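**Q** Attaching a single structure in structure tokens format; questions to follow.
The values are calculated or read from the model by the stated rules, or taken from the named source; none is laboratory data. Note that the structure is predicted; figures quoted are calculated from it, not measured. Because the Cβ atoms are built from the backbone with ideal geometry, glycine has one as well, and the counts that use them run over all protein chains shown. The accessibility values were calculated without ligands, DNA or RNA, using every heavy atom of the protein model including side chains. Shrake-Rupley method; radii C 1.70, N 1.55, O 1.52, S 1.80 Å.
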Amino acid sequence: MLAMPAAGLAAAGLAGAAGCTQSLPDDPAPPPADLAAAEAAARTERGLLAGYDAAIARHPGLAGLLGALRAHHAQHLAALTTQVPALAGPSPSASATATGSVGAATPTNAASPGVDDSPAARASALARLAEAERTAAGAHRSGCLSTTTGLAPLLASLHAAESCHADLLSLAGSAG
Amino acid sequence: MATTGTTAAASQPAGTPQGTPSPDPKAAAALSALLAVEHAAMYGASSAGGALAPLGAPARDARGLALAAYAAHRELRDRLTELILDAGGEPPAALPAYTLPVRPVDVQSALTLLAELDDRTAAAAYDAVGAVTGPARELVVDALGQAALRALRARLTAGANPVTVLPALPGRP
């Protein structure tokens, strides 16, 4: 009874590809708006990487989930650099200043930077990272809206990814 | 009447500074491709909900997800239809039936179906987002984000491992 139009879901999905007009990696230099959006997105990703590194070092009990999400951010940065090769060039780690605010290196309890796998410390780390992911999701969304066509799909995907990360971290935090 | 969800979007002056929409065949084509996927998603979400309906308390969470997914896909369908008309296009109609990627016969398969439907929405949004601007791009980027979230929740509800459940780049082939 479901054997009616075989056009089906698969065909609809394929049709979607017709609207795909993203730029190829070997495009010439991107327009300035795209380069600025890509640089901002790369800074966001580096900040998140630093935040995850600090949280993983401090809360080894969270390494499974956080390590997986950190790997996503490494992929995000790689995807940005593949699409906008200019990013790989002059990006000094001066962005680390901006990244510190992600909240990794500033434990609210001002305790030693050592390992702390207490439930309270883990919950607060998860909450901080979730907030950082939400902020990043918003930033990628803004970037997607301001960029020209080439970078929009990647930034939209990054927006979705960080939204999902925030959701997972919040769920992990509330699960204790 | 003017307060119902579907008519609210007709009050255009809020979002569009240019007032009169101009024909944009590229945008209309991209949005139409996404709309075709949404028609199928509504059919699939409805099938999932129907399969879950008699399954009682153990299926409650899944039923909630099916209902929410149906509502979200319907809302996206309606918004896309308006935007395609604004862009001078002709919105594609739904087909009478679709071949489902998963046959929903129990809670697990219904959740798998819901997740796969939203994977397809995410992929179609990814394909469309670069072809549109302004309010249409906002709609499409949010559609990608929300589809990814729904797929995540469906998989978690089905018992997926949180560490491996997510793709790094939702919607991207």
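**Q** Using the heavy atoms of the protein chains alone and a 1.4 angstrom probe, what is the accessible area of chain B per residue in square angstrom? Show your work: numbers first, answer last.
**A** Details: 7890 Å² over 173 residues.
Ligands and nucleic acids excluded, the result is 46 Å² per residue.
**Q** Indicate the residues belonging to region B:103-146 that lose 50 Å² or more of solvent-accessible heavy-atom surface (probe 1.4 Å) upon moving from the chain alone to the assembly of all protein chains, ignoring ligands and nucleic acids.
**A** Those residues are B:ARG120, B:TYR126, B:ASP127, B:GLY130, B:ARG137, B:VAL141.
**Q** OK, next. Can you sort A:GLU131, B:GLU75, A:GLU162 by solvent-accessible area, 1.4 Å probe, largest first?
**A** Values: A:GLU131 95, B:GLU75 120, A:GLU162 0 Å².
The residues order as B:GLU75, A:GLU131, A:GLU162, largest area first.
**Q** Per residue and in Å³, how big is the convex hull formed by the alpha-carbon atoms of chain B?
**A** Values: hull volume 22.5 nm³, N = 173.
Here the figure is 130 Å³ per residue.
**Q** When the helices in chain B are scored as -39500 (n - 2.57) per DSSP H run of 4 or longer and the sum is shared across all residues, what 222 nm value do you end up with, to the nearest 500 deg cm²/dmol?
**A** Theoretical 222 nm ellipticity from helices: -21500 deg cm²/dmol.
**Q** Follow-up. Which value in nm describes the separation of the simple spin-label points at B:ALA94 and A:ALA78, placed 7 Å from the Cα toward the beta carbon?
**A** Between B:ALA94 and A:ALA78, the simple spin-label model gives 4.1 nm.
**Q** Based on the Cβ-Cβ distance from A:ALA123 to B:ALA57, what FRET efficiency comes out when R0 is 45 Å, to the nearest 0.05? Walk me through the numbers on the way to the answer.
**A** Details: r = 30 Å, r/R0 = 0.67.
Result of the calculation: an efficiency of 0.90.
**Q** Using only Cα atoms and rounding to the nearest 10 degrees, what angle (0 to 90) does helix B:107-129 make with the longest principal axis of chain B?
**A** On a 0 to 90 degree scale, this one is about 20.
**Q** Counting only protein heavy atoms and rolling a 1.4 Å probe, how much accessible area do B and A lose on contact, total for both sides, in Å² to 100? Mind showing how you got there, number by number?
**A** Numbers: alone 9680 and 9550 Å², together 15650 Å².
That pair of chains buries around 3600 Å² in total.
**Q** May I pose another question? Explain nothing, just the number: dipole magnitude of chain B about its Cα centre with +1 on each Lys and Arg Cβ and -1 on each Asp and Glu Cβ, in debye rounded to the nearest 20.
**A** Numbers: 13 positive and 15 negative charges, 85 e Å.
Dipole size: approximately 400 debye.
**Q** Which percent of the accessible heavy-atom area of region B:23-157 goes to carbon and sulfur, probe 1.4 angstrom? Provide the component values of the computation, followed by the final result.
**A** Numbers: 2940 of 5260 Å².
Within region B:23-157, the accessible surface is 56 percent carbon and sulfur.
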